[in-house]
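Written out below as structure tokens is the structure these notes cover.
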Amino acid sequence: MSKDNSALVFLAGLGVGVAATLLFAPASGSELRSRLRNGAGKTGDYLKQRANSMMEPLEDAVAAGKRAFNETVSSALSSLNAAGDVIDKSKDLAHQAGKTIEKGGKRLQEV
């Protein structure tokens, strides 16, 4: 059973328990309100405790996601920089080849 389902089952059980208590153990109005207040306080404390216990794993997951994202972006930027260097070298080689062809063409015209 997943954690989400177990929390839902707990809350459903809590509701059934409260309803059964009200139906089968009648009390005076002030006593009943006091019991409800105490039960709600305990439930609130439990839910706060569960929420706090879930925060650390969530924070860890978010931090891991951020690290993975930053590493991916860094890798992509490195790849783009490397590709830019290859393009620049290719342009230089093409320019040099063009000059060499031009010189060869001039020599052919002189002959």
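The values are calculated or read from the model by the stated rules, or taken from the named source; none is laboratory data. The structure presented is a predicted model; accordingly, all values stated were derived computationally and were not measured. Neighbour counts are summed over all protein chains in view; Cβ atoms, including those assigned to glycine, are modelled from backbone coordinates with ideal geometry.
List, please: which pairs have Cβ atoms under 7 Å, are six or more places apart or on different chains, and start with a residue in the range 1-14 that is closer than 16 Å to Lys48 by Cβ and end with one that is modelled with pLDDT of 80 or more and part of a helix (DSSP H, G or I)?
Ala7/Arg50; Leu14/Thr43
Working only within the range 38-84, note down all residues that are at pLDDT below 90 and acidic (Asp, Glu).
Across the range 38-84, the qualifying residues are Asp45, Glu56.
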